[in-house]
Amino acid sequence: MERTLSKNESKVVLDLEWRGQKTVTLADIRAALGSSENYARFLAHQLVRKGWLERLRRGLFLLIPADSGREGVADMNPLAAGAALVRPYFFSFGTACTHHGFTEQVFAEVYLACQQYRRPETIRGKRYVFVQLRADRFFGFAEEGVLGAPVQMATRARALLDALDRPQLAGGMGEVSRMIPRAWAKLSWSALIEMLRRWNESALVQRLGYLLDLKGVAVSPEQRAALEALVRRGSKVHLGARGKWGTSGKLVRPWNIVENVPRDVLVEKAEGLKRRVTLKRPGAAP
């Protein structure tokens with residue numbers, strides 16, 4: 001069915017189109033028309049019915065612009081929808097790791113970092129998980145185009161550190177361990193070490209150092225020394241979550257990691273036959 005517009009509906013849609021606004025609230029409709037709350041709700045309902053708006057949640061919509069055609073085909077990009085759900089935000093964890101090519105796994109959930117507590121939401125059958133971060137940890141992201149939509153995405157360094165920090169949001173410790181060689185080859189060393197210093201979390205460095213050694217990744221003496229300098233003296237860290245993997249395991253030095261995750265979870269049989277991974281393009285993009 002072709003889309004139509006009444007006079008007031010045209011005014012709202014044209015106002016949104018002229019401003020390039022894709023996310024729509026009832027307040028936006030009220031501002032465009034100078035109308036009451038009730039009339040804004042009525043108009044939003046009409047625009048949804050006619051295919052000009054897509055309802056994401058109560059009071060929040062996505063504009064389906066005129067260039068989507070006469071029948072109004074909605075943009076099905078899950079990241080475009082996710083970007084409308086919270087501000088400020090950035091995509092990270094498994095979502096960013098897939099985007100940056102650290103893993104071939106496509107996650108059923110979309111992970112967004114934000115500064116407020118929000119419960120997960122399911123939209124268009126996709127589950128969005130919101131991870132609350134402190135304001136001083138809200139860094140390491142930039143705008144990137146994904147399927148034609150500009151979104152805030154964790155940098156490569158940030159995506160890897162988030163995966164190490166909360167592996168349960170990136171496929172588990174086994175999947176994170178498999179990301180390490182591929183991620184290391186794509187990372188900028190300077191961006192990574194700067195972010196580790198800013199993060200100031202010894203456990204992250206310890207897990208990274210342990211997994212680099214486990215996977216046979218070639219690390220220069222200068223890089224190793226820089227990583228070891230960030231390990232807090234006396235810090236002993238369990239590799240995996242103690243609630244899942246327990247507390248017992250071999251203490252691996254120099255990273256002081258308690259290896260409480262079984263090796264067969266971390267290392268595939270064929271990996272023992274692979275060549276060591278070498279660090280390439282140390283000045284690559286973060």
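The values are calculated or read from the model by the stated rules, or taken from the named source; none is laboratory data. This one's a predicted model, so the numbers in the text were calculated from it and none came from an experiment. Virtual Cβ from ideal backbone geometry, glycine too; neighbours counted across all protein chains shown.
Might you let me know whether the stretch 220-228 holds any residue that is more than 25 Å from the chain's Cα centre (by Cα), surrounded by fewer than 18 Cβ atoms within 10 Å (Cβ to Cβ) and part of a loop (DSSP other than H, G, I, E, B)? Yes; the residues of the stretch 220-228 include at least one that is more than 25 Å from the chain's Cα centre (by Cα), surrounded by fewer than 18 Cβ atoms within 10 Å (Cβ to Cβ) and part of a loop (DSSP other than H, G, I, E, B). Evaluating G234 against the criteria (1) out of contact with any helix residue (DSSP H, G or I) (no Cβ under 6 Å at 6 or more places or on another chain); (2) within 24 Å of L251 (Cα to Cα); (3) in a helix (DSSP H, G or I) leaves one unmet condition, (3).
With respect to R253, determine if the residue is modelled with pLDDT under 95 and not hydrophobic (A, V, I, L, M, F, W, C). So R253 fits the description; yes. Taking the conditions exactly as written (in the same structural domain as R156 (by TED's automatic domain parsing) and within 14 Å of the chain's Cα centre (by Cα)), does A84 satisfy them or not? Spelling it out, it is not the case that A84 is in the same structural domain as R156 (by TED's automatic domain parsing) and within 14 Å of the chain's Cα centre (by Cα). In the stretch 100-127, how many are in a loop (DSSP other than H, G, I, E, B), surrounded by 15 or more Cβ atoms within 10 Å (Cβ to Cβ) and among the hydrophobic types (A, V, I, L, M, F, W, C)? Number of matching residues: 2. Contact map, the stretch 128-143: residues that are part of a strand (DSSP E or B) paired with residues that are among the hydrophobic types (A, V, I, L, M, F, W, C) and surrounded by fewer than 17 Cβ atoms within 10 Å (Cβ to Cβ), Cβ distance under 7 Å, separation 6+ or inter-chain. Pairs shown: F130/V86. Give me the residue from the stretch 86-99 that is outside any helix (DSSP H, G or I) and out of contact with any strand residue (DSSP E or B) (no Cβ under 6 Å at 6 or more places or on another chain) and, out of that set, nearest to L56 (Cα to Cα). Taking the candidates together, the pick is R87.
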